[in-house]
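K.L.:
Take a look at this one; I'll ask things after.
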Amino acid sequence: MNKAITDGIALMPPAFQFGLDVWSREDGLPGQDTYDSAADATLIAADADFGGCLEIFKTQNTQKLRYTGETPMLAGCYWQVRARVKAVSGPFPTVRIGAWAGVAGGGHASGLVETGPSVTLDTYGKVVEVTAIVGSGGRNGVDMIWGQDPIFGHFGIDLTGPKDGVVRIDDLIIEDVSSIYQRTLIDVVDVTDYGAVGDGTTDCRAAFEAADAAANGRTVLIPEGVFRLNGSVTMNSEVRFQGTVTQDAGHLFQLLQNFDYPSYFTAFGNEQTALEKAVQALFNFSDHESLDLKGREIDINRPLDVQAAVGNKTSFSTRRVIRNGRISAVSSSAWDTGSVNKQADYDADSPYVLTGISNAGQIEAGSLVTGPQGVGREVYVTSVNAGAGTVSLSLPLWGAPNRQSYTFTRFRYLLDFSGFNNLARFTLENIDFACNARASGVMLARDGLIFHVKDCYFTTPKDRGLTSIGEGCAGMLLDRNQWLSSEQGLSVSQRSSIGWNANSNDIKVRNNRALRFRHWGLHSGSGAIISGNHFFQDDPTGGGTRSAGLVLTNNSPKVIIVGNYVDQCFIDWTNEHDATPSITGGFSFSSFTCTANQFTNIGSSASAVFFQIKPHGTGHFLNNVTISHNVFKVTGGPAMTRVDLVDNSIADLDPNRARNIAVQGNSYLNVVNPMMNPVTFEASRTSAASTWSISAAKFLPFGQRSRYVTALLPQGEIRSSSNAGVYTMPHFVAPTGNGQSVDLKWSTAVKGKVRLTVRCDDTI
């Protein structure tokens with residue numbers, strides 16, 4: 001390395017013979033005195049040793065000579081300053097290289113060493129050379145260590161010691177000696193020194209491995225060019241890329257010291273290839289548990305099939321993380337949705353399979369299954385057996401006929417893990433999945449455990465944010481994510497996108513925020529905690545219709561819904577994924593707890609609700625359901641008639657079997673008929689009657705019947721028709737009328753006022 005040669009930097013001062021007006025008597029700064037026309041300085045035209053030179057009569061204790069030009073200082077470079085001198089007469093002085101270090105703006109870099117080693121002259125006419133090396137680092141032999149701050153220097157010599165001596169000085173020499181320190185300063189091993197050729201075709205695998213082995217802690221340099229690797233390569237040393245590498249998809253490229261996405265992008269020069277190669281390496285060595293995208297935006301033009309990128313594994317259970325970046329779908333036909341229609345047979349005794357499909361190989365695994373009859377929401381194809389003409393389903397069908405036509409729709413995902421049979425302990429963290437209304441977000445593996453998505457954005461997915469096509473969602477954690485629909489400008493009835501779905505058990509959905517999907521989440525498993533989320537689905541077109549924000553399709557979901565903000569939508573509870581939906585045993589609609597949530601509706605129709613139950617078979621009933629301490633608030637439109645509804649278009653609930661229903665402690669704002677169980681209210685008669693028929697219809701939840709009176713107390717005196725006091729207690733008969741009433745039977749006709757508590761359920 002020589003900057004004078006490679007970069008044309010001027011280091012050498014002019015010879016003295018060209019004028020002394022550029023040679024300062026002080027530090028070389030503008031305005032300081034020079035040796036031009038000075039009485040103590042003489043140009044000698046023909047010295048026997050030096051040829052042309054400068055003769056100085058020493059008149060000061062420290063006589064300085066500095067070049068007024070600014071010699072540049074470069075980080076990592078080292079200059080050697082040399083001068084030859086000899087004593088001519090008088091006392092012998094001491095000679096050294098001297099300098100003045102300047103920083104940006106022309107100021108002085110104080111506190112630095114600005115002189116070299118001193119040499120005392122002792123013989124007249126004897127030529128002595130004084131030298132000093134100046135540079136940024138503390139390398140061996142560097143006399144003036146200036147660090148990074150100085151950007152220029154004024155160089156020359158100092159004469160110290162007694163006055164009145166005469167010395168002659170040859171022209172000052174400044175030269176680049178950085179090459180002395182090249183091996184330790186640059187500290188790189190170049191792969192081309194080991195036979196690599198950057199022509200894009202020569203196999204450089206052996207050269208890369210040899211350079212890596214020789215590095216021994218130094219950096220391996222990949223210079224400009226395209227270097228072909230016909231096989232897997234692991235680089236144990238840090239690698240710096242000026243050129244790129246090319247490699248077949250099935251071969252690994254592992255960077256152990258600088259394992260991050262920017263390094264792979266620099267290596268391969270293509271964003272999608274770099275991400276695929278980095279993910280491949282993440283799954284194939286144990287030195288790193290995470291791939292850091294380093295805040296980069298990665299544009300991809302086709303779905304990233306993660307299992308295909310990894311190539312050599314279909315199951316993986318060691319913790320791995322991808323974090324910190326943005327993966328964005330750019331325009332490409334590769335995002336186009338695939339769709340095929342097929343006739344198929346269904347048998348409820350084999351609820352997870354469709355059979356009798358011709359050319360089943362045309363159906364893609366991971367396809368959404370829809371049909372004209374008996375197919376619930378979010379049923380997916382987990383696998384296809386083309387030879388047998390069958391497809392396996394993620395969930396059963398609730399009422400499909402023996403044979404009908406089905407549509408199989410395959411969405412395209414930024415990250416598609418569906419090629420894995422099993423994937424466990426995988427985390428996506430702090431990633432913006434920028435779907436750009438072209439792609440969906442993430443598809444999970446067919447099976448697995450503890451897939452964790454945290455602090456991510458699902459931005460404008462075309463069809464789905466996150467999809468589970470099987471049991472890969474077992475124990476799934478969705479924490480602090482943002483879900484932003486691509487359908488925000490559409491009316492509710494026009495939307496089709498869904499934020500996420502889960503089929504398995506023990507999921508946790510916490511502290512998310514979601515905006516204007518058809519449904520934000522659909523859960524068909526059990527054992528879920530859904531807490532601290534805010535999901536809202538208002539209609540920007542002004543319509544009063546609302547859709548379900550959260551859909552539960554297991555009639556016994558063992559779910560806790562707590563502390564959420566349920567905004568402009570409702571909770572939909574069904575059993576649409578039950579192959580035999582009519583109940584003959586079991587818990588029916590049970591194990592549901594909804595507490596301390598904020599429910600809000602603005603500008604909806606009076607018929608809108610916050611809860612809907614839709615049985616898909618006969619015989620169902622409510623069992624161990626708690627809805628407590630919630631706030632139900634309606635503004636900006638008509639009052640909501642009720643917050644609850646049973647959609648009995650397929651079947652109804654059996655009110656005679658309701659058990660342990662706790663609906664209490666809720667607040668109702670602008671709701672006409674608040675629901676409660678038990679409900680305590682006032683009943684009165686101004687005309688005496690022996691039977692008081694009292695309706696609790698507007699209070700009891702989900703159309704349940706008045707079954708029991710658990711408390712009754714007269715409010716004031718109960719009187720007969722003649723105003724005589726009656727002190728006997730009535731008995732009750734329930735349910736009566738339409739099932740919403742209870743009859744109080746008195747021993748005689750009475751009038752007055754009572755407070756009574758009515759329940760719709762058995763509590764035993």
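K.L.:
Using r as the Cβ-Cβ distance of Arg302 and Lys508, and R0 as 41 Å, what FRET efficiency do you calculate, to the nearest 0.05?
P.N.:
0.80
K.L.:
Same structure, new question: Roughly to the nearest percent, how much of the accessible area of the chain is carbon and sulfur, given a 1.4 Å probe?
P.N.:
The computed percentage sits at 46.
K.L.:
Which part of region 261-304 falls in the paramagnetic zone of Asp455, meaning amide N under 19 Å from the point 7 Å along Cα-to-beta-carbon?
P.N.:
Residues 261-262, 289-298 qualify, since their backbone N sits under 19 Å from the label point.
K.L.:
If you take every DSSP beta bridge fully contained in region 267-351, what fraction is antiparallel? Give it as a percent rounded to 5.
P.N.:
Details: 0 of 8 bridges.
Of the beta bridges lying entirely in region 267-351, close to 0 percent run antiparallel.
K.L.:
On a full-extension model of 0.36 nm per residue, what is the gain between Ser110 and Thr641, subtracting their alpha-carbon distance, rounded to one decimal in nm?
P.N.:
182.9 nm
K.L.:
Here's a follow-up. Tally Lys/Arg at +1 and Asp/Glu at -1 over every other residue whose Cβ is under 13 Å from the Cβ of Tyr727; what's the total?
P.N.:
The answer is 0.
K.L.:
Return one whole number: the accessible area per residue of the chain in Å², for a 1.4 Å probe.
P.N.:
Averaged over the residues of the chain, the accessible area is 39 Å².
K.L.:
Moving to a separate point now. Return one number: the angle in degrees, 0 to 90 and rounded to the nearest 10, between the long axis of the Cα atoms of helix 271-282 and the longest principal axis of the Cα atoms of the chain.
P.N.:
So the inclination is approximately 80 degrees.
K.L.:
Where both residues lie in region 331-467, what percent of DSSP beta bridges are antiparallel, nearest 5?
P.N.:
DSSP beta bridges in region 331-467 are roughly 60 percent antiparallel.
K.L.:
What aspartates and glutamates could a cross-link reach from Lys633, if we take a straight Cα to Cα line under 12 Å and drop same-chain neighbours fewer than 8 places away?
P.N.:
Asp567
K.L.:
Taking the dipole about the Cα centre of the chain, with the C-beta of Lys and Arg at +1 and of Asp and Glu at -1, give me whichever of Leu255, Ile180, Ile169 is farthest to the positive side.
P.N.:
Positive-most Cα among the choices belongs to Leu255.
K.L.:
Another question about this same structure. Can you pull the one-decimal nm distance between simple spin-label points at Ser491 and Ser582, each 7 Å off the Cα toward Cβ?
P.N.:
Between Ser491 and Ser582, the simple spin-label model gives 3.8 nm.
K.L.:
Taking 10 °C and 1.306 mPa s as the conditions, I'd like the Stokes-Einstein D for region 276-378 in µm²/s, using the Kirkwood hydrodynamic radius from alpha carbon pairs.
P.N.:
In µm²/s, the coefficient is 91.
K.L.:
Give me the extension gain from Val119 to Gln148: residue separation times 0.36 nm, minus the current Cα-Cα distance, reported in nm with one decimal.
P.N.:
Gain in length upon complete extension: 7.6 nm.
K.L.:
Then there is this: Could you tell me the extents of region 333-426's C-alpha atoms along the three principal axes, largest first, rounded to whole Å?
P.N.:
That works out to 37, 32, 27 Å along the principal axes.
K.L.:
Ok, one more. Considering only Cα-Cα distances, which of the following residue pairs are longer than 32 Å: Lys277/Lys342; Lys313/Lys454; Lys462/Lys614?
P.N.:
Lys277/Lys342
K.L.:
So how far apart, in nm, are the two label points at Met729 and Phe92 if each is 7 Å from Cα heading toward Cβ?
P.N.:
Distance between label points: 12.9 nm.
K.L.:
Net charge near Glu271: determine it from the other residues with C-beta under 12 Å of the C-beta of Glu271, scoring Lys and Arg +1 and Asp and Glu -1.
P.N.:
Neighbourhood net charge equals +1.
K.L.:
Still on this model: Take every DSSP beta bridge whose two residues both sit in the chain, then give the antiparallel share in percent to the nearest 5. Each step should come with its number before you reach the end.
P.N.:
Details: 94 of 219 bridges.
In the chain, DSSP labels about 45 percent of beta bridges as antiparallel.
K.L.:
Report the one residue of Val134, Gly586, Leu282 whose Cα lies farthest in the direction of the positive end of the charge dipole of the chain (charges on C-beta: Lys and Arg +1, Asp and Glu -1; origin at the Cα centre).
P.N.:
Gly586
K.L.:
Using a Förster distance of 41 angstrom, determine the FRET efficiency expected from the C-beta separation of Ala206 and Ala334, and round it to 0.05.
P.N.:
About 0.70, to the nearest 0.05.
K.L.:
Cα centroids of region 84-139 and region 369-423: how far apart, whole angstrom?
P.N.:
Their Cα centres are 84 Å away from one another.
K.L.:
Which one is right for this structure if volume of the Cα convex hull per residue in Å³ is calculated from it: (1) 246; (2) 190; (3) 175?
P.N.:
Read-out from the structure maps to (1).
K.L.:
Just to confirm a number: summing +1 for Lys and Arg and -1 for Asp and Glu over residues other than Gly198 whose beta-carbon lies under 14 angstrom from that of Gly198, what do you get?
P.N.:
Taking every Cβ under 14 Å from that of Gly198, the sum is -3.
K.L.:
Turning to a different aspect of this structure: Could I have the simple spin-label model distance between Asp187 and Asn648, label points 7 Å from Cα toward Cβ, reported in nm to one decimal?
P.N.:
Going from the Asp187 label point to the Asn648 one covers 8.1 nm.
K.L.:
What's the extension gain from Ala348 to Leu29 if we count 0.36 nm per residue and subtract their Cα-Cα distance?
P.N.:
Between Ala348 and Leu29, full extension yields 105.2 nm more.
K.L.:
Using only alpha carbon positions, build the gyration tensor of region 1-145, then give the equivalent ellipsoid semi-axes as the square roots of 5 times its eigenvalues, largest first, whole angstrom.
P.N.:
Ellipsoid semi-axes (Å, largest first): 26, 18, 16.
K.L.:
Please give the calculated 222 nm ellipticity per residue for the chain, where each DSSP H segment of at least 4 residues contributes -39500 (n - 2.57) and the sum is spread over every residue; nearest 500 deg cm²/dmol?
P.N.:
Taken over the chain, the calculation gives -1500 deg cm²/dmol.
K.L.:
Still on this structure, please answer the following. Take peptides 388-394, 232-238 and line them up by average Cβ neighbours within 10 Å, highest first, as a rough protection proxy.
P.N.:
Ranked by mean Cβ neighbours within 10 Å, highest first: 388-394, 232-238.
K.L.:
Hey, another quick one. Using only the Cα atoms of region 585-688, build the gyration tensor, take square roots of its eigenvalues as a ≥ b ≥ c, and label the shape rounded, prolate or oblate: rounded if a/c is under 1.5, else prolate if a/b is larger than b/c, else oblate.
P.N.:
oblate
K.L.:
How large is the dipole of the chain about the Cα centre if only Lys and Arg carry +1 and Asp and Glu carry -1, each at its Cβ, rounded to the nearest 20 debye?
P.N.:
Computed about the Cα centre, the dipole is about 4360 debye.
The values are calculated or read from the model by the stated rules, or taken from the named source; none is laboratory data. From a predicted model like this one, the values you see are computed outputs, not experimental measurements. Positions of Cβ are generated from backbone atoms using ideal geometry, with glycine treated the same way; all protein chains shown enter the neighbour counts. Ligands, DNA and RNA are stripped out before the accessible areas are found, and what is left, the full protein with its side chains, is counted by its heavy atoms. Shrake-Rupley method; radii C 1.70, N 1.55, O 1.52, S 1.80 Å.
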